Structures are given as C-alpha cells and as structure tokens.
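The values are calculated or read from the model by the stated rules, or taken from the named source; none is laboratory data. Keep in mind it's a predicted model, so treat the numbers as computed, not measured. Heads up, the Cβs are rebuilt from the backbone with ideal geometry, glycines too, and the neighbour counts pull from every protein chain shown. Just so you know, the surface numbers come from the protein's heavy atoms only, side chains and all, with ligands and any DNA or RNA stripped out. Shrake-Rupley method; radii C 1.70, N 1.55, O 1.52, S 1.80 Å.
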Amino acid sequence: QVQLVESGGGLVQAGGSLRLSCAASGRTFSRYAIGWFRQAPGKEREFVAAINWSGGTTYYADSVKGRFTISRDNAKNTVYLQMNSLKSEDTSCYYCAAGPPSLSATMRIVNYWGQGTQVTVSS
C-alpha cells in the first residue's frame, strides 16, 4: 500500500516556475514508478511525466518536454516535478501516481493516486 500526497501547487504568472512534490508513505516506495498527470475542467486526465524506480529513466508528454523535469529522492520517499516557462494551458489539477516498476512511456498502469494539487497560470 502506498499513499501519495502532493504539494507545491499555486498561482503563478505565465513564464514563471513551480516545483511540485509528491510525498509517499510506505517502505516499498522505491519499487514503484511514479508519474504526474493533470486534468483541467471539462477535459480528460492526461499524462505529464514519469520516472522509473531508480530515476534512471524518464518520460515526458510532448507538451511539457524541455520545460518540466521529473526527479526522485528515494531516501526521502519524494518525487518532484520542476515546472519552468509555465503557460496558461498548463493550468490544471496535478496528480501524482504510483505504478509498477515496468514503466511504459505514458504510464498506462497506475496502482495508486494522490488527491491532487491545483496549478493556475495567469496570462
């Protein structure tokens, strides 16, 4: 069992930066791939980024590639999403997700979800 708690969301101007954190409980955190998804009102949830158990493999959606960076610190049971050059279209609720170590490019399998943190980018 893994519980995920997101933090770091907020209001930022276009072009600004935010860093989201996903803190996980459970001693088996390092066995899971972790990803970030987002969902805007009236839209489907979409994949943003993911990182494998060791941090050696990462995947990004084309819409965030070059602007967002995912990383993890297994000693702290935490995954980060550094978001730079934010755009108004990045406005969404961002969710942390944990899945099996066999990570796919868009993290098709998710075992656990966090509650989400809101990111609002003003233009």
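How much length, in nm to one decimal, is gained on full extension between ARG19 and SER54, taken as 0.36 nm per residue of separation minus their Cα-Cα distance? Kindly include the intermediate steps, with their values, before the conclusion.
Numbers: separation 35, 0.36 × 35 = 12.60 nm, distance 2.03 nm.
Taking 0.36 nm per residue and subtracting the Cα distance, the gain is 10.6 nm.
How much net charge surrounds ASN74 when only other residues with a Cβ under 14 Å from its Cβ are counted (Lys, Arg +1; Asp, Glu -1)?
Details: positive: ARG27, ARG31, ARG72, LYS76; negative: ASP73.
Value of the local net charge: +3.
In whole Hz and in residue order, list the ³J(HN,Hα) couplings for region 61-68 that follow from phi through the Karplus curve 6.51 cos²θ - 1.76 cosθ + 1.60, θ = phi - 60°; x for Gly and Pro.
Taking θ as phi minus 60°, the curve returns 5, 4, 5, 10, 4, x, 10, 10 Hz for region 61-68.
Can you tally the net charge around ALA24? Count Lys and Arg as +1, Asp and Glu as -1, for every other residue whose Cβ sits under 14 Å from the Cβ of ALA24.
Neighbourhood net charge equals +2.
Grab the other residues whose beta carbon is less than 12 angstrom from that of ARG38, score K and R as +1, D and E as -1, and report the net.
Once positives and negatives cancel, what remains is -3.
Report the Cys residues of the chain lacking a disulfide-compatible partner, meaning no second Cys Cβ under 4.7 Å from their Cβ.
CYS93
Considering only protein heavy atoms and a probe of 1.4 Å, how much of the accessible area of the chain is carbon and sulfur, as a whole percent? Walk me through the intermediate numbers first.
On the way: 2930 of 6360 Å².
About 46 percent, which is the carbon plus sulfur part of the accessible surface.
What does the accessible area per residue of the chain come to in Å², with a 1.4 Å probe and no ligands, DNA or RNA counted?
Per-residue accessible area for the chain comes out at 52 Å².
Debye sum, Cα scatterers, the chain, no solvent: what log₁₀ I/I(0) at q = 0.20, 0.21, 0.23 1/Å?
Results for the chain at q = 0.20, 0.21, 0.23 Å⁻¹ read -1.06, -1.16, -1.38.
Quick one: Karplus J couplings for region 89-94, per residue in order, coefficients 6.51, -1.76, 1.60, θ = phi - 60°, nearest Hz, x for Gly and Pro?
Karplus values, whole Hz, x for Gly and Pro: 6, 7, 4, 5, 8, 9.
Non-local amide H neighbours of ARG72 (under 5 Å, H modeled in plane, Pro and chain starts lacking H): which ones?
Answer set, sorted by chain and number: TYR80.
Report the charge-dipole magnitude of region 1-57 in Debye, nearest 20, computed about the Cα centre from +1 at each Lys and Arg Cβ and -1 at each Asp and Glu Cβ.
Computed charge dipole of region 1-57: roughly 120 debye.
Can you compute 3J(HN,Hα) from phi for each residue in region 10-16, using the Karplus curve 6.51 cos²θ - 1.76 cosθ + 1.60 with θ = phi - 60°, rounded to whole Hz and x for Gly and Pro?
Calculated HN-Hα couplings, in order: x, 9, 9, 7, 4, x, x Hz.
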